[in-house]
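Heads up, the thing below is written out as structure tokens.
The values are calculated or read from the model by the stated rules, or taken from the named source; none is laboratory data. Quick caveat, the model's predicted, so the values are computed rather than measured. Here the Cβ positions follow ideal geometry from the backbone for every residue, glycine too, while neighbour counts run over all protein chains shown.
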Amino acid sequence: MKNTITQTIRYEHSPEEVWEYLTKPELISQWLMPNNFEPVKGHDFEFRTKPIPSLNLDGIMYCRVIEIVPNEKLIYSWKGGPEKGITTLDTIVEWTLEAKDNGTELHLVQTGFNEENISIFSAMQGGWNQNLNKIITLLSTATK
Amino acid sequence: MNAPRLDTFQVIADPSRRQILHMLTQDSMTINSLAENFDMSRPAVSKHIKILYGAGFISIEDIGRERYCTLKEDGFKDLQEWLKFFDDFWKSKLKKLETLLNKNQKNKTK
């Protein structure tokens, strides 16, 4: 099972133009979410949206700028949870801009979806049938 | 079974519970044999098992005099939901950005 989200989209605009939409709060809020982003490494900021009860998220994403290379790369943490102080979603969002054929290829990678949990999940899927067989054997032995 | 109802991520946040799940990926185990792997008391292990059970991570079967714990798929669905949600989320947001950029360009060339 994957634990990373990757997306690539091509825009017919220069990296400089796309960059503005990734780093200017008023422009970011036009396509993503209201925020108080600042293009400064170490800056803490928040994205605010409606609560998402199905995912047990209160709708506030707590973020920190980790790396920023103008027109090329932007990395920030992306955390959330059911209420302030409780982090259940702990991920990193990484944007990379690549100039290509008079446009920009924008890459997005979001990582960290509880890697340990996912590893349990993968291990489980591997052993799934085996486990089922075991319990069937046990059950049939018990009823003998 | 009375155990506090925690969400999926709180359930797996605990190292002992994670260890229990890891052990169960190998095989079904009795509560007693699980408890042997921990320094804590059997009731303490039992409590963790109840929490895992309550969140749908394991099923418990009484076989003879023993209680067998087996991994169950239900508890892991939330994790997949989360990934799916953000996958769709970014897809639609990036499209929105495209629309916005195009609109902006038209205004410029006017």
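What the table shows:
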| quantity | calculated |
| --- | --- |
| Out of A:ILE86, A:ILE118, A:ILE68, A:ILE135, sole residue that is among the hydrophobic types (A, V, I, L, M, F, W, C), modelled with pLDDT of 50 or more and in a helix (DSSP H, G or I) | A:ILE118 |
| Residue list for segment A:36-65, filter: of a type in the set (Asp, Glu) and either assigned to a strand (DSSP E or B) or modelled with pLDDT of 95 or more (or both) | A:GLU38, A:ASP44, A:GLU46 |
| Among the candidates A:THR49, A:THR6, A:THR91, A:THR96, residue that is surrounded by 14 or more Cβ atoms within 10 Å (Cβ to Cβ), in contact (Cβ under 8 Å) with a residue 24 or more places away in the chain and either in contact with a strand residue (DSSP E or B) (Cβ under 6 Å, 6 or more places away or on another chain) or within 14 Å of chain B (Cβ to nearest Cβ) (or both) | A:THR96 |
| Segment B:1-21, subset surrounded by 15 or more Cβ atoms within 10 Å (Cβ to Cβ) and assigned to a loop (DSSP other than H, G, I, E, B), residue modelled with the lowest pLDDT | B:ALA3 |
| Boolean, A:THR104 is surrounded by 17 or more Cβ atoms within 10 Å (Cβ to Cβ) and hydroxyl-bearing (Ser, Thr, Tyr) | yes |
| Residue within segment A:91-106 that is in the same structural domain as A:TYR11 (by TED's automatic domain parsing) and modelled with pLDDT under 90 present | yes |
| Residue check, A:LEU55 within 9 Å of chain B (Cβ to nearest Cβ) and more than 28 Å from B:ASN102 (Cα to Cα) | yes |
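Each row is one residue, and each column tells you yes or no for (1) more than 9 Å from chain A (Cβ to nearest Cβ); (2) in contact with a Lys or Arg (Cβ under 6 Å, 6 or more places away or on another chain); (3) modelled with pLDDT of 85 or more; (4) within 30 Å of A:VAL18 (Cα to Cα).
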{"site": "B:MET23", "(1), (2), (3), (4)": "yes, no, yes, no"}
{"site": "B:ASN32", "(1), (2), (3), (4)": "yes, no, yes, no"}
{"site": "B:ARG65", "(1), (2), (3), (4)": "yes, no, yes, no"}
{"site": "B:THR70", "(1), (2), (3), (4)": "no, no, yes, no"}
{"site": "B:THR99", "(1), (2), (3), (4)": "no, no, yes, yes"}
{"site": "B:LYS110", "(1), (2), (3), (4)": "yes, no, no, yes"}
